[in-house]
1. Based on what the data block shows, is A:Leu27 modelled with pLDDT of 95 or more and either open to solvent by 30 Å² or more (accessible area, probe 1.4 Å) or closer than 20 Å to B:Lys134 by Cα (or both)?
2. So which residues in the range A:16-67 are touching a residue at least 12 places away in the same chain (Cβ under 8 Å), within 13 Å of DNA strand C (Cβ to nearest atom) and of a type in the set (Lys, Arg)?
3. Inside the range A:1-24, can you point out the residues that are within 22 Å of the chain's Cα centre (by Cα), open to solvent by 60 Å² or more (accessible area, probe 1.4 Å) and basic (Lys, Arg)?
4. Which condition from (1) under 24 Å from B:Leu108 (Cβ atoms); (2) within 13 Å of the chain's Cα centre (by Cα); (3) not basic (Lys, Arg) is the one that A:His85 breaks?
5. Could you list all residues from the range B:116-129 that are without any contact (Cβ under 8 Å) to a residue 12 or more places away in the chain and either within 16 Å of ligand 4 (Cβ to nearest atom) or in a strand (DSSP E or B) (or both)?
6. Only one of A:Glu113, A:Glu105 is charged (D, E, K, R), in a helix (DSSP H, G or I), open to solvent by 40 Å² or more (accessible area, probe 1.4 Å) and without any contact (Cβ under 8 Å) to a residue 24 or more places away in the chain; which?
7. Among the residues of the range A:40-59 satisfying the criterion of being acidic (Asp, Glu) and assigned to a helix (DSSP H, G or I), which is nearest to A:Ala21 (Cα to Cα)?
8. Sort out which residues of the range B:119-128 are open to solvent by less than 30 Å² (accessible area, probe 1.4 Å) and within 7 Å of chain A (Cβ to nearest Cβ), and write them in order of number.
There are 2 protein chains.
Amino acid sequence: MQDHEHKFAEYLAQKGLKLTAPRKYILLEAFKLHEHFNAEELYEKVKRVTPEVSLATVYRTLPLLMEAGLVQSALRSSGRDRYEHIYGHPKHIHWLCRSCGAIMETDLQPINETIAAQAKTIRFEAQDIELNIKGLCWKCTANDNENQPDES
Amino acid sequence: MQDHEHKFAEYLAQKGLKLTAPRKYILLEAFKLHEHFNAEELYEKVKRVTPEVSLATVYRTLPLLMEAGLVQSALRSSGRDRYEHIYGHPKHIHWLCRSCGAIMETDLQPINETIAAQAKTIRFEAQDIELNIKGLCWKCTANDNENQPDES
DNA sequence: GGAATATTGCAACTGATTCTCAATACAGGG
DNA sequence: CCCTGTATTGAGAATCAGTTGCAATATTCC
Ligand SMILES: [Mn+2]
Ligand SMILES: [Mn+2]
Ligand SMILES: [Zn+2]
Ligand SMILES: [Zn+2]
């Protein structure tokens, strides 16, 4: 049994809930996906393994995975909630290119200290940090310049 | 004419759009609200001044205000997009208490430098920075301790 | 195996946001 | 001031991600 499977079982047990087949498959597929995903995308993946699972169950399981600390919400996009699994993926910054939609990630560590200091000042117990930056990736910046080479 | 009204007029003109009465009232009310607001809340405010305005127009005007740099999206909550005006409100960190829903704000300045450095490394042109932190405010932390004074 | 409880798929529902469309306001040129 | 082409509007219909009720199933514990 994988580490995350173990953690999920533990969380469920402690809540008096059951680690059923649908839940297990949803967890497993969430950990096979290495990009951000929304509920429907996860559902599609799970369906390939167990076609009888329902989208509703995926929607119902996602909050459990989040509470268990196995999945976290990521940058919402085109009107849909998105998620990503947590597994040797320490908290990171998301950079979203407005032009091509690419998402880059960088380390959040460098600002953690500053945040901790501010948290202390306002006496806030931080549980979740989400830092999203929107703009243009280098490719799209380059393309923009091509189209408008002279902006004197 | 206020500063922001001016800026909106300018933006609209440059886009070949018109500064109509509904748009003006929506702008004005957005700037009278000093907390975060969603489309409907803004609509309610506007309706008190000009009852004939429609919710659809509020929804249509918000993107214009954002593109004009007068309003920005804030922490989404209970399934609704939220907004805040920008006016002597430099970018700030949002701290959301999961227990009581309170929102605190602190200065984003201290981490700007770090972000700029990372942006340079990945050659990303940052336009918008959103840093949201969820957890417990000091009041709710205190209440929690009251209820579970001994967690040996 | 059987009772008590949790879970599921399905379909209906909800509610925020977007869209359609016909009516209205507007700007600019005569 | 009138006319014409364009932008805007309110009202209501439509969309669609996410939620929920419910009867059928699965699981747990004895
Ligand atoms: Mn990520
Ligand atoms: Mn704010
Ligand atoms: Zn790009
Ligand atoms: Zn609180």
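1. Working: modelled with pLDDT of 95 or more: yes; either open to solvent by 30 Å² or more (accessible area, probe 1.4 Å) or closer than 20 Å to B:Lys134 by Cα (or both): no.
Criteria not met by A:Leu27.
2. A:Arg23, A:Lys24
3. Scanning the range A:1-24 gives A:Lys7, A:Lys24.
4. Among (1) under 24 Å from B:Leu108 (Cβ atoms); (2) within 13 Å of the chain's Cα centre (by Cα); (3) not basic (Lys, Arg), the lone unmet condition for A:His85 is (1).
5. B:Glu125, B:Ala126, B:Gln127
6. Working: A:Glu105 fails: in a helix (DSSP H, G or I).
That would be A:Glu113, the only listed residue that is charged (D, E, K, R), in a helix (DSSP H, G or I), open to solvent by 40 Å² or more (accessible area, probe 1.4 Å) and without any contact (Cβ under 8 Å) to a residue 24 or more places away in the chain.
7. Quick first cut of the range A:40-59, residues acidic (Asp, Glu) only: A:40-41, A:44, A:52.
This time we only want the ones that are assigned to a helix (DSSP H, G or I), so: A:40-41, A:44.
Working: A:Glu40: 19, A:Glu41: 19, A:Glu44: 16 Å.
Among residues in the range A:40-59 that are acidic (Asp, Glu) and assigned to a helix (DSSP H, G or I), the one nearest to A:Ala21 (Cα to Cα) is A:Glu44.
8. Within the range B:119-128, just B:Phe124 meets the criteria.
The values are calculated or read from the model by the stated rules, or taken from the named source; none is laboratory data. Values in this document were obtained by computation on a predicted structure and should not be read as measured data. Note that each Cβ is placed from the backbone with ideal geometry, even for glycine, and that neighbours are counted across all protein chains shown. What goes into the accessible areas is simple: the full protein's heavy atoms, side chains included, and nothing from ligands, DNA or RNA. Shrake-Rupley method; radii C 1.70, N 1.55, O 1.52, S 1.80 Å.
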